[in-house]
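The values are calculated or read from the model by the stated rules, or taken from the named source; none is laboratory data. Quick caveat, the model's predicted, so the values are computed rather than measured. So basically every Cβ, Gly included, is an ideal-geometry build from the backbone, and we count neighbours across all protein chains shown. Each accessible area value is taken on the protein alone, full model and side chains, heavy atoms only, with ligands, DNA and RNA left out. Shrake-Rupley method; radii C 1.70, N 1.55, O 1.52, S 1.80 Å.
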Amino acid sequence: MKEKGSSFSGSIGFVLAAAGSAVGVGNIWRFPYLCAKDGGGLFLLVYLILVLTFGFVLLTTDVAIGRKTKKNALRAFEALNPKWKFLGKLTFLVPTLIMTYYSVIGGWITKYFVTYIISDGKDAAADGYFTSFITSDIAPIVFMLVFLALTAWIVYRGVEKGIEQFSKIIMPGLILLILIIAIFSLTLTYTDTDGSVRTGLQGLAFYITPDFSGLTVKRFLEILLDAMSQLFFSLSVSMGIMITYGSYVKNDVNLNKATNQIEIFDTGVAFLAGMMIIPAVFVFLGTDGMASGPSLIFISLPKVFDAMGVLGRPVAVAFFLMMGFAALTSCVSVMETLVANCMELYHKPRKKMCGAVGIYSLVTAVLICLGYNKLYFELKLPNGSVGQLLDVMDYISNSFLMPFISLLTSILIGWVIGPDWIVGEVERNGEHFKRAGLYRFMIRYVVPVVMLILFLVSTGFTDLIF
């Protein structure tokens with residue numbers, strides 16, 4: 001079901017909206033902490049190789065499926081082959097799970113932004129501040145509600161009046177903020193108690209220089225899984241978002257050029273996000289500061305801002321404002337996918353489906369918030385990590401379902417439908433698809449094998465071998 005006017009006004013509108021999804025917390029939150037966890041330059045190198053190979057294949061596939069079928073993810077695979085209808089349901093499940101916690105993270109970012117607006121932020125740098133906040137009964141829910149309400153309002157306005165206009169206004173400012181803070185991070189210096197001096201340029205070297213010492217097959221597979229999971233989030237592939245956005249794209253848009261722009265845009269922002277955060281953490285906290293994992297943004301960075309002195313507060317305000325915009329673009333894209341699919345499934349107008357998805361998002365987000373207090377538990381996951389309710393949702397959607405969906409999609413396109421179906425859609429208007437040969441080879445032979453390996457890694461099966 002397509003509502004009147006539910007298409008992007010042109011290539012730029014599509015690229016900005018799609019890139020807006022990609023630039024979200026996937027790049028600015030997940031990328032730096034995964035990069036820090038996995039040794040800096042080695043992770044960056046693996047990620048860049050994946051973008052140039054798997055990234056362009058998965059992105060091209062999703063967008064082409066969407067535009068060719070003119071259907072959202074839930075119905076698109078059925079249109080390709082009725083026997084593969086189940087794949088659409090699996091794809092729909094990913095944003096359904098992601099939506100449970102995206103607004104919660106958005107609420108955390110909102111909380112920190114407000115903290116630095118109304119105070120000097122010293123409390124945010126104190127040990128235990130983040131834990132005290134997320135384990136409290138009311139505050140996380142309140143900030144989540146504010147963030148979710150803004151997300152729902154943008155989606156409620158629709159594609160052209162909401163998402164496209166929002167992306168055109170926010171994206172240029174967001175990129176400028178990232179660039180300014182990234183450059184500023186390189187100018188930082190800090191003298192430790194032992195007299196040693198750490199600089200932003202040394203942090204940059206840690207970030208971009210691969211370290212292969214002590215690398216084992218098992219460790220490489222773990223880094224590969226992290227990099228691929230980041231790729232899924234960064235490009236918003238294998239979760240139905242790009243299929244949905246592709247269904248809005250007009251036929252006269254140069255699909256090859258548009259996907260290339262998204263690919264370049266996304267990779268550039270990911271690189272700048274790492275350059276913005278990792279050198280700053282290195283300067284003030286050393287390599288030990290890299291070990292705070294997913295809480296790098298909420299635990300390590302406030303300490304960095306506090307160590308900056310008078311510059312700390314304005315930089316923190318700018319940073320969390322930028323993080324808020326980034327989280328909002330991601331959350332809007334996820335909610336839009338759910339709303340669009342539900343409109344097509346139930347044949348109801350956007351307003352009603354937006355309300356229904358909003359209620360679902362609210363209820364599940366409250367449960368995620370309670371997962372840090374009333375519903376707290378610790379569960380060992382198949383990938384070896386220990387997680388709470390939010391981590392379980394993230395693992396199922398990102399580490400389990402996305403590689404599995406990519407595996408099945410590559411089999412469907414590579415061996416059932418045929419790669420030429422995608423190539424033909426990319427060249428619909430006579431454009432030349434320069435990487436058509438690489439696409440055919442990757443989708444048939446490389447993507448299925450690698451996705452199967454990553455799926456086995458995520459389920460813990462490879463622990464029996466290595």
Out of L235, L231, L221, sole residue that is within 22 Å of the chain's Cα centre (by Cα) and open to solvent by 10 Å² or more (accessible area, probe 1.4 Å): L221
Against the condition open to solvent by 10 Å² or more (accessible area, probe 1.4 Å) and not basic (K, R), how does V334 come out, does it pass? no
Condition check for D226: at pLDDT 85 or above, closer than 30 Å to F305 by Cα and part of a helix (DSSP H, G or I): yes
Can you tell me which of (1) out of contact with any Asp or Glu (no Cβ under 9 Å at 6 or more places or on another chain); (2) at pLDDT 85 or above; (3) in a helix (DSSP H, G or I) is the one F298 doesn't meet? (3)
Matching residues in region 257-300 (among the hydrophobic types (A, V, I, L, M, F, W, C), free of Cβ contacts under 8 Å to residues at least 24 places away in the same chain and under 26 Å from F433 (Cα atoms)) number 1
Odd one out for F455 among (1) part of a helix (DSSP H, G or I); (2) surrounded by fewer than 16 Cβ atoms within 10 Å (Cβ to Cβ); (3) in contact (Cβ under 8 Å) with a residue 40 or more places away in the chain: (2)
Which residue pairs have Cβ atoms under 8 Å apart, sit 6 or more places apart or on different chains, and have a first residue in region 202-214 that is in contact (Cβ under 8 Å) with a residue 24 or more places away in the chain and among the β-branched types (V, I, T) and a second that is open to solvent by less than 70 Å² (accessible area, probe 1.4 Å) and in a helix (DSSP H, G or I)? I208/G41; I208/L44; T209/G41
Within region 340-349, count every residue that is more than 17 Å from I241 (Cα to Cα) and in contact with a helix residue (DSSP H, G or I) (Cβ under 9 Å, 6 or more places away or on another chain). 3
Do you know which of the residues in region 193-211 that are of a type in the set (D, E, K, R) and under 15 Å from F284 (Cβ atoms) is most open to solvent (accessible area, probe 1.4 Å)? D194
Among what's in region 254-276 and is open to solvent by 10 Å² or more (accessible area, probe 1.4 Å) and among the aliphatic types (A, V, I, L, M), pick the residue that is nearest to L80 (Cα to Cα). I264
Within region 307-323, which residues are among the small types (G, A, S), surrounded by fewer than 20 Cβ atoms within 10 Å (Cβ to Cβ) and touching a Phe, Trp or Tyr at 6+ places or on another chain (Cβ under 8 Å)? A307
Could you please give the count of residues in region 356-384 that are closer than 30 Å to S247 by Cβ and free of Cβ contacts under 8 Å to residues at least 24 places away in the same chain? 3
Checking G437 against (1) of a type outside the set (A, V, I, L, M); (2) assigned to a loop (DSSP other than H, G, I, E, B); (3) surrounded by fewer than 16 Cβ atoms within 10 Å (Cβ to Cβ), the condition it does not meet: (2)
Against the condition farther than 28 Å from I299 by Cα and among the small types (G, A, S), how does A73 come out, does it pass? yes
Matching residues, region 124-146, being more than 21 Å from R313 (Cβ to Cβ), out of contact with any Phe, Trp or Tyr (no Cβ under 9 Å at 6 or more places or on another chain) and among the hydrophobic types (A, V, I, L, M, F, W, C): I138, I141, V142, L145, V146
Which residues, taken from region 154-182, are open to solvent by 80 Å² or more (accessible area, probe 1.4 Å) and either modelled with pLDDT of 90 or more or outside any helix (DSSP H, G or I) (or both)? R157
